[in-house]
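Asker: Have a look at this one.
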Ligand SMILES: [Zn+2]
């Protein structure tokens with residue numbers, strides 16, 4: 001991987017991290033706000049489920065982005081963290097913060113993972 005590629009990926013990861021974190025430095029507050037929201041803001045059981053799912057997905061994505069950043073720093077970016085195989089470059093392009101290959105992701109999904117990854121792959 002060239003320096004330019006690394007730089008570009010880091011920028012993408014930083015942008016995603018900012019997106020799932022809310023405005024810089026307020027990440028943990030964001031999650032607290034959501035879970036402490038008064039019930040009158042929640043119109044129905046469906047809204048509640050959606051809110052919880054939204055927070056969980058953001059939280060999971062944030063953790064993945066942070067892991068991907070760490071891997072990028074130590075030169076392991078693009079290597080599946082489950083099986084050690086290279087991750088398909090097209091998959092990395094679609095989801096720069098992914099840390100597992102498609103087949104490992106499918107196995108993780110079966111255990112109850114995040115369906116977004118299957119769709120993007
Ligand atoms: Zn794998």
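Every number here is computed from the coordinates shown, using simple stated rules; none is lab data. These numbers were taken from a predicted model, which means no experiment stands behind them. Note that we place each Cβ from the backbone using ideal geometry, even for glycine, and neighbour counts take in every protein chain shown.
Asker: Using 1/(1 + (r/R0)^6) with R0 = 25 angstrom and r between the beta carbons of residue 107 and residue 70, what's the FRET efficiency to the nearest 0.05?
Answerer: Numbers: r = 23 Å, r/R0 = 0.91.
It comes out at approximately 0.65.
Asker: Once you have the Cα-Cα distance between residue 93 and residue 14, take 0.36 nm times their residue separation minus that, and quote the gain in nm to one decimal.
Answerer: Going from the current span to full extension adds 27.0 nm.
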